Amino acid sequence: MKTAAKKVRQTGALLLCTTFLLLAACGGGGSQAATGEPYDENSKATISWLNILHTASPPTDTILNKIEEKTNADIQFSWIPDASKEERINTSLASDSLADVVTLTLLDNSSVRNSLKSGLFWEVEPYLNDYPNLAKISEDTRRSASIGGKLYGVPFQKDLARNGVTIRKDWLDKLGLEAPQTTDELMEVARAFTEDDPDGNGKDDTTGFVDRSDLVYGAFKTLSSYFGTPNIWQVSEDGKMTPEFMTDSYVKTMDYMKALYEKGYINQDFAVTAKTDQQQKFAQGRAGIYVGAIFDSKNLLNMAKGLQDDMELVLVNDITSTGNEADRAIWAANNGIGGLLAFPRSEVKDEAELKRILKFVNDLMDEESYALMTYGIEGTHYTVDDQDAVTITDTDLWQQEVQPFAASRPKESGYAIHDADPLKQESDKLIADNAKYAVLNPAYSLESETYNTQGSELQKMIMDATYKYILGELDRAGFDAAVESWKNAGGATIISEYEAAYKESKS
C-alpha cells in the first residue's frame, strides 16, 4: 500500500494537474534529480507522466502499485481526458508545463511537430539499441515515427489497420438480413435498423449507425476507405501530391454520410457526441452499427451486460463500394504509429536521467507489464489457461482498475498471453487480415514547414466544411470554395513542399 503522504500527492496530481493549473509542479525529474545525486539505471526513480485518459475516470492504485514494483519506479500520473487532448497538449507545450514522460498521440498536430523539431524533447534514436525491448523496434517503425529524420520519443507500436464495422447480429437475424459486404448493403442495414423495429419493442427508438465527433477515428475515415479514398495524401507516379479531400471518393463519402444523416439512419447528434457516449448508446440498444476499431466490440458487449443481454455481434472488415475484392482497402492509422512517449529536456535534465526513464519504458514492454496493463492481476481480474488464454472474471473491476492503462502500453501486440474471448480473438484475426489491405499515408514522415506552422488551423477549415456538408449547411459549391480557401491560406504551399520532400526522399 502507498503511504498516506503518497496518496495525498497522487490525489493532488489527478485533481490539479489534469486542469493544467499545477502541471509545472508535476514535473521535476526523478528522485535523484531532486537530491542532486547522480542517476543510476537500476535505482528507484520518481517519474511523472502526462498521459491521455480514454475512460470516464482514472484508474485506482491497484495496477499502478504492481507496475511500480515491476519498473522500480514511483509513477505520478497527470491524466488528460481524450476529448480535450489537443487543446490541453497545445496549452502544455506552449507554457512548457510538462512532465518527465509526455504522451503525444497527435503527431500531425502542428504545435506538436514544431515542439519536437525545436529541440524541446530528447532525441532517443542513439539510445534504443541499449535496451532489449526498445532495440526490437523495427527500422520501418523508427523511420515512420521520425520527424525531419530524427526520432524524438519511443513510438507507440500499434497494429497497422484496426478498423472495421461492428453490427448487432441478433438484429440482423431478427430482420432476415445478412452481414453487408458493400456500402449499399450497409446503408440498407442502417435503414432496417432504423425503421423496422429490430429490437421488437414496438417503439421508434433505434438508429442504424451510432457515431461520434471524430472524422478520423469515428465512422467517416473507415467509410472513406470503402470508397477508395487515399489515406490523407495521395501521390501519383510522377510525384504529384493530392490531399484526400480533393478526391472524388472523399466527396462520395460525404454524400454517404449526408444521406445517413438526412434519412435519420445515424444519431442526429453525432457531430457533438463523445466516444464514451457513443459506446454507451450502442450498449443501451439505441443503435446497431458501430464503425471504428474492431477490438472495441468486446468492450461494447461487456458494457451491454445487464442492459442488452441478448446482444450478439458480427465483425465485418471486407466492405467495398463496388463489391469487388480487388478494391478492398482500409486506412492505416498513422502508418502503425500511435504516437510517441516523449521526454522534455526541461524535465529530464541530463543523459543519465534519460537513460533511467528509457529503462522504465523498456520495462513497460515486458510481457509481465503488458499483462498487467491489459488484463490486470491473475486471480483478481482474470484467470489464464495452459494455452496463455485469459478470461476476465470481474468485468466491472477490470474496467475500473485495468482498462484505463490499456492505451498507455508502448506495444500492443506480439505477446504470448492473449484473450480467450472468442470475439476478441475474431477481432485480432480480422486486424491481422486488414494489414494486407492497409493504405499508408505517403506523406507521414515528410516535412512541410507550412504544415508545421499552419497545418492544424488549415485542417480545421476542411473539418468544419466536411461537417457542414454532411449536415446540409454547405452544398458542393460551398465545400469547393472552402477547399480553395484552404489552398489560398497555405494549402497550395503545403502541397508544393510535400512534393519537394517526396522527390528528395526518392533521390
TODO: Please get the size of the charge dipole for segment 405-491, origin at its Cα centre, with Cβ charges of +1 on Lys and Arg and -1 on Asp and Glu, quoted in debye to the nearest 20.
DONE: 140
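Going by the alpha-carbon gyration tensor, a ≥ b ≥ c the square roots of its eigenvalues, is segment 91-241 rounded (a/c under 1.5) or, if a/c is not under 1.5, prolate (a/b greater than b/c) versus oblate? Walk me through the intermediate numbers first.
Details: a/c = 2.59, a/b = 2.25, b/c = 1.15.
Here segment 91-241 falls in the prolate category.
At a Förster distance of 30 Å, what's the computed FRET efficiency of Thr322 paired with Gln425, Cβ-Cβ distance as r, to 0.05? Spell out each step's value before the answer.
Numbers: r = 30 Å, r/R0 = 0.99.
My answer for the efficiency is 0.50.
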TODO: At 0.36 nm per residue, minus the direct Cα-Cα distance, what do Glu237 and Lys487 gain on full extension? Give it in nm, one decimal, please.
DONE: 87.8 nm
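Using r as the Cβ-Cβ distance of Ala432 and Ala477, and R0 as 35 Å, what FRET efficiency do you calculate, to the nearest 0.05?
Details: r = 43 Å, r/R0 = 1.24.
That pair, Ala432 with Ala477, gives E of 0.20.
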- [ ] Note down the net charge around His381, summing +1 for each Lys or Arg and -1 for each Asp or Glu among other residues with Cβ under 9 Å from its Cβ.
- [x] -3
- [ ] Output the antiparallel fraction of DSSP beta bridges having both residues in the chain, as a percent to the nearest 5.
- [x] 50
TODO: Bin all alpha-carbon pair distances of segment 248-306 at 5 Å intervals from 0 and give each bin's fraction as a whole percent.
DONE: 4, 16, 24, 22, 17, 10, 5, 1, 0
Task: Contact order relative to length of segment 33-159, as percent, for alpha carbon pairs under 8 angstrom and 6 or more apart - done: 22
Task: Per residue accessible area of the chain, 1.4 Å probe, in Å² - done: 42
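Between Thr62 and Asp108, take the C-beta separation as r, use R0 = 41 Å, and let me know the FRET efficiency to the nearest 0.05.
Values: r = 35 Å, r/R0 = 0.86.
Calculated value: 0.70.
Please give the contour-minus-distance gain from Ser507 to Asp277: 0.36 nm per residue of separation, less the Cα-Cα distance, rounded to one decimal in nm.
78.0 nm
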- [ ] Could you point to the residue in Gly264, Ala283, Ile80 farthest towards the positive end of the chain's charge dipole, with +1 and -1 charges on the Cβ of Lys/Arg and Asp/Glu respectively?
- [x] Ile80
- [ ] Report the charge-dipole magnitude of the chain in Debye, nearest 20, computed about the Cα centre from +1 at each Lys and Arg Cβ and -1 at each Asp and Glu Cβ.
- [x] 1180
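Could you check how much of the accessible area of the chain is carbon and sulfur, as a whole percent, using a 1.4 Å probe?
Numbers: 10230 of 21270 Å².
Heavy-atom surface of the chain belonging to carbon and sulfur, 1.4 Å probe: 48 percent.
Give me the number: length gained by fully extending Lys305 to Thr383, i.e. 0.36 nm times residue separation minus the C-alpha to C-alpha distance, one decimal in nm. Each step should come with its number before you reach the end.
Values: separation 78, 0.36 × 78 = 28.08 nm, distance 1.98 nm.
Residue separation times 0.36 nm, minus the Cα-Cα distance, leaves 26.1 nm.
Rounded to two decimal places and with Rh computed the Kirkwood way over Cα pairs, what is Rg over Rh for the chain? Write down the numbers at each step before the final one.
Working: Rg = 23.2 Å, Rh = 24.0 Å.
On the Cα set of the chain, Rg over Rh gives 0.96.
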Task: Options Ala371, Gly149, Pro442, ranked by Cα towards positive dipole end of the chain, top entry (Cβ charges) - done: Gly149
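Based on the alpha-carbon gyration tensor of segment 51-132 and its eigenvalue square roots a ≥ b ≥ c, which shape applies: rounded if a/c is under 1.5, prolate if not and a/b is larger than b/c, or oblate? If you can, show how the numbers build up before the last one.
Numbers: a/c = 2.29, a/b = 1.17, b/c = 1.96.
It comes out oblate by the Cα gyration axes.
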Task: Inter-label distance for Glu41 and Asp140, nm, one decimal - labels placed 7 Å from Cα along Cα-to-Cβ - done: 2.9
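The values are calculated or read from the model by the stated rules, or taken from the named source; none is laboratory data. Everything numeric here is computed off the predicted structure, so don't read it as measured data. Every residue, glycine among them, receives a Cβ derived from its backbone with ideal geometry; neighbour counts consider all protein chains shown. Accessible surface areas use protein heavy atoms only, side chains included; no ligands, DNA or RNA. Shrake-Rupley method; radii C 1.70, N 1.55, O 1.52, S 1.80 Å.
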